[in-house]
Structures are given as C-alpha cells and as structure tokens.
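Novice: Quick one: this structure, given as structure tokens, is what I'll be asking you about.
Just so it is clear, none of the values below were taken in a lab; they were calculated from the coordinates. Quick caveat, the model's predicted, so the values are computed rather than measured. Note that we place each Cβ from the backbone using ideal geometry, even for glycine, and neighbour counts take in every protein chain shown.
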Amino acid sequence: MSFSLKINGHTHNVDVDDDTPLLWVVRDVLGMTGTKFGCGLALCGACTVHIDGVATRSCVTPIGSVGLSEITTIEAIGLTKVGAKIQAAWLDREVVQCGYCQSGQIMAAAELLANNPNPTDADIDSAMSGNICRCGTYVRIREAIKQAAAS
C-alpha cells in the first residue's frame, strides 16, 4: 500500500503493508536511524518518536494508523525550542554513556517539557518511566531535564 507521511516537516511517500511498524518505515525505508529498535514491545522507549507532539512507541505503531499526523524523530527534535534546550542540557550534563537509549529519552523529555515547563521530580519520574537506560544514567537524565527547564 502507498502512504504519504509527514516526517520532520517533509512529505515522504512509502509503499509498505499497512501493519508495518512506523519504526521500520523510519529506519529501514527512509534511512533515519536515530530512532532505535530496543524491545519491539513498547517496553523500553528506545523507539520513541512524536506523533502530533505526543511521545509514541514507534515499534508497535502500525503505519496504517498514522494517517495525516505530523511525525517528529530525533533527527529533527533539536529544531524545536524545547528539543534544542534538552539536547544542550544532555551534552552539558554528559548524560550519554553508550547512547543507545538516548534518542528515546530525549524524545520523552521533549514532550514532558513542551507540556510542563517546570516539572517536579514526580512529574519527571512519571514522564520518563518506561524509558530504560541499561547504563543507569537516570540521575544525569533528571539533572538535564531540570537544567533544560530552567534555561
């Protein structure tokens, strides 16, 4: 089936089955490899993208359900005001170790700050729960989110 998708401000036409996960369309068909495959079950958060501003697990989102929605991936989140603040704070706080989960972490944090510019620790915990970091950089992630919120 043919689909027209708006991703990162550009229209992309793809020919895939309607049950193909958005993750595979973004990574394999369109070559945007910043969004990662982690678990394939929406449990780890590595595949998080924004669909109409909402952090969404792309590994379980069939392309047929996306419709005319605006999709934003890690490749373009830095073009938003909040995304740029988060990416700068991530670097300043040296959040990244292996980096595998970080695109999903940043996407979740961007949605949090877009909707709540002054989150409490509980707000951060709630928004970031389900985003797994095997390296355990959770303390630095929290510090970076607070720094981005304060900037």
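Novice: Just tell me which aspartates and glutamates come within less than 18 Å, Cα to Cα, of K146; anything on the same chain fewer than 8 places away is out.
Specialist: Here the aspartates and glutamates satisfying the reach criterion relative to K146 are D92, E94, E111, D121, D123, D125.
Novice: Looking at the stretch 70-151, which trypsin sites (Lys or Arg not before Pro) are in a loop (DSSP not H, G, I, E or B) and have at most 16 other Cβ atoms within 10 Å?
Specialist: Within the stretch 70-151, the qualifying trypsin sites (Lys or Arg not before Pro) (loop, at most 16 other Cβ atoms within 10 Å) are R134.
Novice: In addition: Whole-Hz Karplus ³J(HN,Hα) for the stretch 22-27, in order, using 6.51 cos²θ - 1.76 cosθ + 1.60 and θ = phi - 60°, x for Gly and Pro?
Specialist: Each residue of the stretch 22-27 in turn: 3, 3, 6, 5, 4, 6 Hz.
Novice: The stretch 2-74: Rg/Rh from Cα coordinates, Kirkwood Rh?
Specialist: 0.91
Novice: Given the stretch 77-150 reduced to its alpha-carbon atoms as identical point scatterers, what log10 I(q)/I(0) does the Debye formula return at q = 0.11, 0.20, 0.26 Å⁻¹?
Specialist: -0.21, -0.73, -1.31
Novice: Using Cβ counts within 10 Å as a stand-in for footprinting exposure, how do L30, L22, L5 rank, fewest first?
Specialist: L30, L5, L22
Novice: Within 10 Å of each residue's Cβ, count the other Cβ atoms and sort C101, C47, C39 from fewest upward.
Specialist: Placing the least packed residue first, the sequence is C39, C101, C47.
Novice: Counting other Cβ atoms within 10 Å of each Cβ, which GluC sites (Glu not before Pro) in the stretch 63-132 have at most 13 and sit in a DSSP loop?
Specialist: E94
Novice: Report the label-to-label distance for S126 and E70 in nanometres (one decimal), using points 7 Å from each Cα along the Cα→Cβ vector.
Specialist: 2.5 nm
Novice: So, one more: Non-local amide H neighbours of C44 (under 5 Å, H modeled in plane, Pro and chain starts lacking H): which ones?
Specialist: Long-range HN contacts for C44: C39.
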